[in-house]
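A short worksheet on the structure shown next.
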Amino acid sequence: MIVAYQKGIEYTLTTKSCIISLIIYFLTVISVFAQKPVGYTWYEPLKSVTRFSGQGWENIGFGRLPNKSEKTVREPVWELSKHAAGLGVHFETDSDTLVIQYQVDGNLAMDHMPSTGVSGVDLYVKNNDEWLWARGQRSFNDTIRFMFSLDALPKVGKEYQLLFPLYNNIKNLRIGAVEGSSFHFLPPRKEKPIVVYGTSIAQGACASRPGMAWTNILSRKLDYPVVNLGFSGNGKLEPEVIALINEIDASIFVIDCLPNLSPNEKQSKEEVKKRIRESAVSLRKKHPRTSILVVQHAGYSDGNVDSGRKHIYETLNFWLAETFASLKKEGFQNLYMLTKDEIGLTNDAFVDGTHPSDLGMQQYAEAYMSVLRPLTLESEQN
């Protein structure tokens, strides 16, 4: 019998039970150290994928415009096109752990948008007809790393979509699956995409993560491909960009550029209305039957307390409504308009009074879905 004392309290252990406890302890320690670290097989999308989801062209890396456009569009547009907003890759695997590693060139975050949105990735797994979000353990260093634990899912091949950063370029992307797991990349969707030409809001500001950008929400909810051509501060309905968009065989064209066309000396009433008209006419000439959706300015959350800010979006929306009515009167077919009231952003749906939060992004997506869902069905029937 062993007698021990601890802080004045007497307790006893039999020699036998003490020995058994020590044996169990040492066996546990030995088993822990004997376990081999998990190994991963690494896959590089650029070596296998010629067109990522959300791209309108093939073989353009992680960018959003073809290389030839560097010579035709303004430099800010070209640089922003390197941001991977709206892009992603689909794959199938039965691995219960996935590791994503990559680098970016730009700043990791902005003062009104976190690193998870600017430079992070998002992973979704398809479960029946629902896309489930997966939480990743992340570290933002020279190499950004996300690790996803997926052990609650059945050990069978599942379809995943990995969404890329909204406000950064991406390079050296690798996907690690547990050694011995099945893994293969999936081809892009075959449906004609919805093509969105817009501003910082379309690009994704200020979603907390890629999956919450309204174009990505829309694609997920409609189960339909969307090409994101939002260029922060530079969605100005320029003919050089429209010419590139005309190269895409789209199901629907969306023009949502008013937030970057605020009235000034260069952007007069005549000039803004001209750009709207010429953009619609150019798209219609190249795509006689494709639906075109023009979108009003969604407003600012401080519009009711700042008359100057309110005047900006009310003026732009009036100009768009006039141009829309004129085109319809001239017999312009398959032209639609989404209004500010239909978008319906609430007062708390903004980060900085201009850019939507996740709540605002959800409201944007719901408004778009109400208009685009029947149009996508109509496009498929044609």
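Tabulated results
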| item | result |
| --- | --- |
| Shape category assigned to the range 194-381 from the gyration tensor of Cα positions, a/c cut at 1.5 | oblate |
| Label selected from (1) 1.17; (2) 1.78; (3) 1.25, the criterion being Cα Rg over 2.2 N^0.38 Å as computed here | (3) |
| Charge-dipole axis of the range 194-381 as Lys and Arg at +1 and Asp and Glu at -1 on Cβ define it, positive-most pick from P210, N264, P356 | N264 |
| Cross-link partners of K68 among lysines (Cα-Cα below 23 Å; sequence separation of 8 or more within a chain) | K47, K82, K171, K192, K236, K285, K286 |
| Anchor K310: aspartates and glutamates whose Cα lies under 19 Å away (excluding residues fewer than 8 positions away in-chain) | D256, E265, D302, E322, D341, E342, D348, D352 |
| Extension gain from A134 to W42, taking 0.36 nm per residue of separation minus the Cα-Cα distance | 31.2 nm |
| Cβ-placed point charges (K, R +1; D, E -1), dipole of the chain about Cα centre in debye, nearest 20 | 540 debye |
| Protection proxy ranking of 241-250, 194-203 - average other beta-carbon atoms within 10 Å, highest first | 194-203, 241-250 |
| Packing rank of 219-227, 302-310, 66-74, 110-118, where each peptide gets the mean count of other beta carbons within 10 Å, highest leading | 219-227, 110-118, 66-74, 302-310 |
| Restricting the range 117-154 to trypsin sites (Lys or Arg not before Pro) in coil, as DSSP defines it, with at most 12 other Cβ within 10 Å | R135 |
| Dipole axis of the chain (+1 Lys, Arg; -1 Asp, Glu on Cβ), positive-most option in L46, I276, G230 | L46 |
| Prolate/oblate/rounded label for the range 40-185 (Cα gyration tensor, a/c 1.5) | prolate |
| Projected label distance in nm at E92 and K190, using a 7 Å step from Cα toward the beta-carbon | 1.5 nm |
| Distance from the range 146-163 to the range 222-257 (C-alpha centre basis), Å | 32 Å |
| Size of charge dipole - the range 194-381 - debye, nearest 20, with Cβ of Lys, Arg +1 and Asp, Glu -1, no other charges | 420 debye |
| Segments 228-239, 346-357, 49-60 sorted - mean Cβ within 10 Å per residue, highest first | 228-239, 49-60, 346-357 |
| Options S119, T97, W133, ranked by Cα towards positive dipole end of the range 40-185, top entry (Cβ charges) | S119 |
| Shape call, the range 234-336: gyration tensor on alpha carbons, a/c limit 1.5 | prolate |
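No lab work stands behind these numbers, since they all come straight from the coordinates. Remember, predicted model here, so these are calculated numbers, not experimental data. Neighbour counts are summed over all protein chains in view; Cβ atoms, including those assigned to glycine, are modelled from backbone coordinates with ideal geometry.
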